[in-house]
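Report on the structure given below.
The values are calculated or read from the model by the stated rules, or taken from the named source; none is laboratory data. Please read these numbers as outputs of a predicted model, since none were measured by experiment. All Cβ positions, even for glycine, are placed from backbone atoms using ideal geometry, and neighbour counts span all protein chains on display.
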Amino acid sequence: MIDSEVNFAEFLGREEQNLVVSFLNLRIEYELFKRLDDLYQSPLSRMNNILSKDEWIIHLLYRFSHFQLYFSIASFFRCHLTDAMGSARKAIDASFIVYYLMNNPDAVERYIHMERHYGEFANLKKNEIKPKTKEYHLAEPLVVMHENFSKYGSHADPAGVISLRTAIETDATGSISKSKFNYFQHWNSIEFQKVQFLHLLKCYYLILEILRLFLDKKIKTIDPHWEKSYETFMPDLMRIAEPYRSYFEKLDSAEPG
């Protein structure tokens with residue numbers, strides 16, 4: 001039997017059901033997300049409102065990254081894993097551009113008029129970020145995530161279309177007798193859902209490490225509470241992830257479950 005008809009109203013209802021179940025499953029981990037959200041947002045209130053054009057562009061990329069954080073988490077909670085990955089990939093792209101512009105201020109105008117300089121930014125990871133590890137050392141762990149998220153969440157590749165969404169059965173001749181395309185991506189276990197959620201938070205923290213280059217330049221007053229929360233975020237995340245360490249450490253190279 002091939003897929004049966006899908007009802008849009010039922011699809012929306014399932015999204016809301018998934019949202020409620022995810023909140024219940026990820027109560028502890030959600031508190032960590034709220035802390036990361038604050039790490040992104042609270043420095044902006046201490047920023048000088050007067051921005052040069054260069055700073056304005058980076059500020060927009062910063063906001064764009066924060067928007068992708070929200071979209072990733074909203075997608076994840078509704079069991080749209082590949083969409084969460086695709087959104088995270090966009091945020092990584094934005095952080096790479098910020099890194100590049102911070103190191104090359106003269107490139108800001110070329111970014112604004114990207115249609116005339118498309119190759120420079122379309123190939124940024126390949127030509128700049130990846131080969132120049134010393135110059136872009138903060139980006140190194142994000143390169144791996146970017147490549148995995150591209151594979152599963154950004155294109156119509158078999159990894160995202162077949163591996164994560166499709167259940168099939170074959171008959172004796174090898175023909176497909178049953179096929180089901182999954183509109184939602186559920187995890188094999190609550191534990192693995194937790195691992196992938198924590199991994200997503202780790203990704204956005206690593207993005208913030210790059211964006212902080214802009215914050216450190218623009219914000220002159222230090223908030224001790226923010227600094228402490230920032231410095232202890234990853235140790236706290238790894239403490240929560242400790243029961244699932246073997247899954248967590250393999251996630252960058254393993255297929256999502």
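Observations
- Number of the condition not met by Leu12 [criteria: (1) under 17 Å from Leu198 (Cβ atoms); (2) surrounded by fewer than 13 Cβ atoms within 10 Å (Cβ to Cβ)]: (1)
- Among (1) under 27 Å from Tyr136 (Cα atoms); (2) of a type in the set (Gly, Ala, Ser); (3) at pLDDT below 85 - the single one Ser229 does not satisfy: (3)
- Any chance His199 is more than 14 Å from Phe33 (Cα to Cα) and either over 14 Å from the mean Cα position of the chain (by Cα) or in a helix (DSSP H, G or I) (or both): no
- Boolean, Asp236 is at pLDDT 75 or above, within 20 Å of the chain's Cα centre (by Cα), under 23 Å from Phe77 (Cα atoms) and of a type in the set (Asp, Glu): yes
- Matching option when the condition is touching a helix residue (DSSP H, G or I) at 6+ places or on another chain (Cβ under 7 Å) and either among the basic types (Lys, Arg) or over 19 Å from Tyr205 (Cα atoms) (or both), among Ser87, Ser22, Ser95, Ser72: Ser22
Listed here are the residues, each with its yes/no results for (1) surrounded by 22 or more Cβ atoms within 10 Å (Cβ to Cβ); (2) basic (Lys, Arg); (3) closer than 16 Å to His199 by Cβ.
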{"position": "Trp56", "(1), (2), (3)": "no, no, no"}
{"position": "His59", "(1), (2), (3)": "no, no, no"}
{"position": "Leu81", "(1), (2), (3)": "yes, no, yes"}
{"position": "Lys90", "(1), (2), (3)": "no, yes, no"}
{"position": "Phe96", "(1), (2), (3)": "yes, no, no"}
{"position": "Ala107", "(1), (2), (3)": "no, no, no"}
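- Selected residue (only one of Phe77, Phe11 is aromatic (Phe, Trp, Tyr) and over 22 Å from Leu206 (Cα atoms)): Phe11
- Of all the listed residues (Lys151, Lys180), the sole one being surrounded by 13 or more Cβ atoms within 10 Å (Cβ to Cβ), modelled with pLDDT under 85, among the basic types (Lys, Arg) and not in a helix (DSSP H, G or I) is Lys180.
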